[in-house]
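These notes concern the structure reproduced below.
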């Protein structure tokens with residue numbers, strides 16, 4: 001009979017340092033996601049339809065690129081493991097191209113094409129780094145509770161990064177824009193991106209240095225054909241549930257981030273309020289993350305995840321129905337939204353459950369491909385939310401750098417708050433109905449998988 005001593009676990013340092021990877025990602029990708037849209041429309045002068053097209057084209061390519069990267073990573077064999085080498089190799093290039101996205105190449109045809117190409121390459125480099133990084137969570141430990149802690153570490157890193165980015169970016173961009181600037185200029189955005197990129201690189205390298213792969217390492221892990229990879233993805237009920245739910249959540253979350261700047265500037269009336277409005281949810285997310293692991297132990301991952309989604313929706317409903325001058329109600333809504341925005345580590349742990357389920361069915365682990373699908377949901381959410389969001393506010397009469405009409409302000413409010421709230425409710429219902437295994441059943445699956453490895 002196997003004892004707990006046979007369960008492979010990550011070191012405490014690895015668990016803590018793992019969160020630095022998402023901290024670094026926020027410095028790069030959240031800044032891009034939060035400010036690139038308004039940089040394109042208000043600085044470069046792209047029409048909203050052009051911005052929407054750039055976002056959608058980039059994410060259509062991601063639909064091919066992300067699973068491809070997942071397959072490449074899980075079939076990699078090196079002395080550093082399957083996933084870690086890509087983090088070290090890719091992070092400097094990701095940093096450079098994140099800066100290049102904020103270069104004004106002009107609003108003509110040439111500028112549009114060049115901006116689109118650079119943004120697509122930046123997205124590919126994010127895939128190169130982030131999918132292997134995400135995949136590490138499933139192979140660093142066999143212990144279910146520690147996997148939740150790894151996910152919590154990532155969530156704390158994510159929210160801490162968002163706090164820093166959201167609280168500092170507007171001020172930094174204004175600072176670099178010149179002493180008389182009332183809104184950020186292109187130079188301000190680019191210099192801010194440079195600062196974040198310089199910080200992000202060593203954080204990624206710390207993750208590379210501290211994280212170890214303990215599952216599916218060595219020659220016993222057979223390589224998987226692309227055809228088998230696709231089959232494993234589409235036939236795994238639990239991965240598909242997470243993919244749908246995460247995509248809807250990310251449309252709400254990432255789409256909201258992209259349009260929130262418009263809400264703050266044009267509905268609330270002050271560029272400087274961006275820091276406050278965008279920081280509160282991140283602080284709330286850190287507070288909420290503290291309670292994730294004990295709540296999951298008591299009530300189960302599915303139930304806690306569904307409740308967090310509903311809680312976020314309630315917070316956004318509060319904000320949506322608040323008059324623009326009622327800052328108290330707006331801030332309360334953002335606090336509720338933020339505290340309940342703590343479900344990301346749960347979803348990461350549930351992806352790991354789907355990987356274990358796949359290993360039980362087929363005898364092989366497809367960590368890279370499965371986390372690639374989760375990463376794809378993030379990017380799809382970003383693209384759909386940003387692309388549709390910018391088109392929606394344009395349809396309500398938004399005009400860049402102008403006082404907005406009442407209809408335009410109402411449209412921005414609907415896009416930023418009401419639509420995301422509805423999407424979060426739908427995702428909670430899907431998760432509650434479609435995820436039909438208990439945590440104890442996945443624990444048993446992990447035990448069976450480990451026994452098979454020991455006996456192989």
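The numbers here are math on the coordinates, done by the rules we state, and not lab data. It should be emphasised that the depicted structure is a prediction, and the values quoted were computed from it without experimental measurement.
Assuming a ≥ b ≥ c are the square roots of the Cα gyration tensor eigenvalues, decide whether region 304-407 counts as rounded (a/c under 1.5), prolate (otherwise, with a/b larger than b/c) or oblate.
Oblate, since a/c reaches 1.5 and b/c is not below a/b.
Assuming a ≥ b ≥ c are the square roots of the Cα gyration tensor eigenvalues, decide whether the chain counts as rounded (a/c under 1.5), prolate (otherwise, with a/b larger than b/c) or oblate.
Prolate, because a/c is 1.5 or more and a/b exceeds b/c.
Give me the angle, in degrees from 0 to 90, between the Cα long axis of helix 186-210 and the longest principal axis of the Cα atoms of the chain, rounded to the nearest 10.
For 186-210 against the chain, the angle is about 10 degrees.
What is the angle, in °, between the Cα long axis of helix 109-139 and the longest principal axis of the Cα atoms in the chain? Nearest 10 is fine, range 0 to 90.
Tilt of helix 109-139: around 30 degrees.
Helix 12-25 against the longest principal axis of the chain: what's the angle in degrees, Cα atoms only, rounded to the nearest 10?
Between the helix axis and the principal axis of the chain, the angle is about 30 degrees.
Divide by every residue of the chain the summed helix terms, -39500 (n - 2.57) for each DSSP H run of at least 4, and state the resulting mean residue ellipticity at 222 nm, rounded to the nearest 500 deg cm²/dmol.
One gets -25000 deg cm²/dmol as the mean residue ellipticity at 222 nm.
Once each part is reduced to its C-alpha centroid, what is the distance from region 158-185 to region 255-284 in angstrom?
If we compute the Cα centre of each part, the gap is 12 Å.
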